[in-house]
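Report on the following structure.
The values are calculated or read from the model by the stated rules, or taken from the named source; none is laboratory data. Note that this is a predicted model, so its numbers are computed, not measured. Glycine gets a Cβ as well: all are built from the backbone with ideal geometry, and neighbour counts include every protein chain shown.
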Amino acid sequence: MLIAHRIALDLNNVQAIYMARAAGTARFAYNWALTEWKSQYEAWKLDSSQPKPTQAALRRQLNSIKRERFPWMLEVTKNAPQMAIIQLGQAFQNFFAGRSKYPQLRKKGVHDRFTLTNDQFNIDGCRMRIPNLGWVRMRESLRFAGKIMSATVSRVAERWFVSITVDAEDDSHLPKAENQGAVGVDLGVSALATLSTGEIITGAKSHKALLTRLQRLSRSFSRKQKGSEKRKKAKGKLAKLHARIAAIRSDALHQLTTSLTRRFHIIGIEDLNVRGMVKNRHLARSIADMGFFELRRQLEYKAAMRGGQVVVADRFYPSSKTCSSCGHKLEELSLSVRQWTCPDCATCHDRDVNAAINLKNMAVSSTVSACGEEGSGRRRKTTVKPASAKQEASSRFSQ
Ligand SMILES: [Zn+2]
């Protein structure tokens with residue numbers, strides 16, 4: 001299974017200049033190849049004896065002319081232009097398969113990144129080595145064991161990060177879930193999540209102050225004159241704050257998924273595909289922003305690494321409306337009702353805890369009926385397969 005770990009880099013000036021140059025070279029190569037692709041494709045349409053463009057042919061073409069026409073390309077790793085064109089090939093593959101839009105030109109300041117293959121860098125604790133540049137300090141060491149596949153260096157609001165993709169050996173390097181039991185997770189309206197144990201996970205509280213600052217900053221940004229130096233400065237500040245808020249939310253989501261998979265063997269969640277869209281504005285900001293798919297993706301890969309499993313309820317499963325004590329199903333339960341009493345058995349329910357308990361029961365019963373024994377290997381149809389390694393890889397490479 002391919003997983004990626006993104007780590008902040010501590011760069012000195014020389015290193016920051018190198019990274020910016022390599023990212024610029026990658027962007028140039030990507031845009032050059034995209035322009036070539038379009039014109040070669042047009043030529044092929046007019047005359048089918050002409051070759052159809054491919055990323056491999058474009059890489060050869062660039063290699064044959066770069067010494068002459070773009071000698072500055074040789075100042076950075078040869079991976080920068082090469083991997084960019086491979087990524088363009090993947091972008092076209094995704095386009096042809098209907099998975100994404102037609103590839104667009106990369107923009108400076110937006111797509112500042114380049115990718116290294118595993119023969120072009122080394123990792124040693126909290127540092128990584130790039131040929132011709134030397135050792136670069138990382139803020140933390142690589143979290144996953146396994147074969148290192150590639151590294152993508154990218155800039156987000158003046159900070160540089162490296163995202164290292166690892167082919168992790170499943171189950172082998174993390175301890176099994178502590179509590180071998182099951183949990184149901186109701187995703188939050190006001191809280192991030194409510195567990196069937198009654199715990200409420202609120203997520204990041206601190207960013208309310210940041211959101212107020214964000215509002216103020218964006219107002220002040222829009223007042224600045226276009227093209228002015230002040231506007232440019234305000235834009236940088238705004239981007240920085242956006243990145244910080246995104247990081248806080250991403251942390252909250254990672255903490256939630258790590259803690260759940262560490263503590264529980266079976267995790268029941270609901271399918272938010274449809275429901276999520278309907279009540280999106282009510283969802284806690286972290287989930288609404290990062291997306292339900294991201295939450296599920298994290299839960300699934302983290303559970304898989306500890307030998308646990310995630311069971312996703314059918315999207316029509318009435319987790320809120322069903323009494324978790326007697327199974328009575330209400331006709332109607334409006335979103336504003338936070339507590340209710342079962343007309344059948346008179347149990348008083350907290351809306352979210354009741355939903356979480358139902359999800360837990362659903363998860364346990366579907367794993368039991370699938371294999372006769374709670375929590376052992378095989379899954380039932382209601383469970384969702386982990387994202388395939390390939391998908392993961394291409395989404396990482398194209399980020
Ligand atoms: Zn009841």
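Scanning segment 89-103 for residues that are exposed (fewer than 12 other Cβ atoms within 10 Å of the Cβ) and under 30 Å from residue 238 (Cβ atoms) yields a count of 2.
Of everything listed in (1) in contact (Cβ under 8 Å) with a residue 12 or more places away in the chain; (2) not in a helix (DSSP H, G or I), the single unmet condition for residue 34 is (2).
Elements of the type strands (runs of 3 or more DSSP E) sitting completely within segment 306-362 and holding at least 3 residues that are modelled with pLDDT under 90 and more than 16 Å from the ligand (Cβ to nearest atom): these cover 309-313. The strands (runs of 3 or more DSSP E) found entirely in segment 181-282 that carry 1 or more residues being among the small types (Gly, Ala, Ser), at pLDDT 90 or above and touching a helix residue (DSSP H, G or I) at 6+ places or on another chain (Cβ under 7 Å) are 182-187, 266-270. For segment 327-354, the set of residues classified as surrounded by 13 or more Cβ atoms within 10 Å (Cβ to Cβ) and not acidic (Asp, Glu) consists of 328, 330, 333, 340, 342, 347, 349, 351, 353, 354, listed by residue number. For segment 66-81, check the following and say yes or no: at least one residue is of a type in the set (Val, Ile, Thr) and not in a loop (DSSP other than H, G, I, E, B). The answer is no, given that none of the residues of segment 66-81 is of a type in the set (Val, Ile, Thr) and not in a loop (DSSP other than H, G, I, E, B). Taken together, the residues in segment 283-304 that are modelled with pLDDT of 80 or more and touching a strand residue (DSSP E or B) at 6+ places or on another chain (Cβ under 8 Å) amount to 6. Take the residues in segment 37-65 that are surrounded by fewer than 18 Cβ atoms within 10 Å (Cβ to Cβ) and in a loop (DSSP other than H, G, I, E, B); name whichever of them is nearest to the chain's Cα centre (by Cα). Ranking the qualifying residues of segment 37-65, first place goes to 54. Only residues that are part of a loop (DSSP other than H, G, I, E, B) and either surrounded by 13 or more Cβ atoms within 10 Å (Cβ to Cβ) or of a type in the set (Ser, Thr, Tyr) (or both) were counted in segment 110-137, giving 8.
Here's the yes/no breakdown for (1) under 24 Å from residue 245 (Cα atoms); (2) at pLDDT below 95; (3) of a type outside the set (Asp, Glu):
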position	(1), (2), (3)
132	no, yes, yes
141	yes, yes, yes
144	no, yes, yes
148	no, yes, yes
154	yes, yes, yes
159	yes, yes, yes
163	yes, yes, yes
170	no, yes, no
174	no, yes, yes
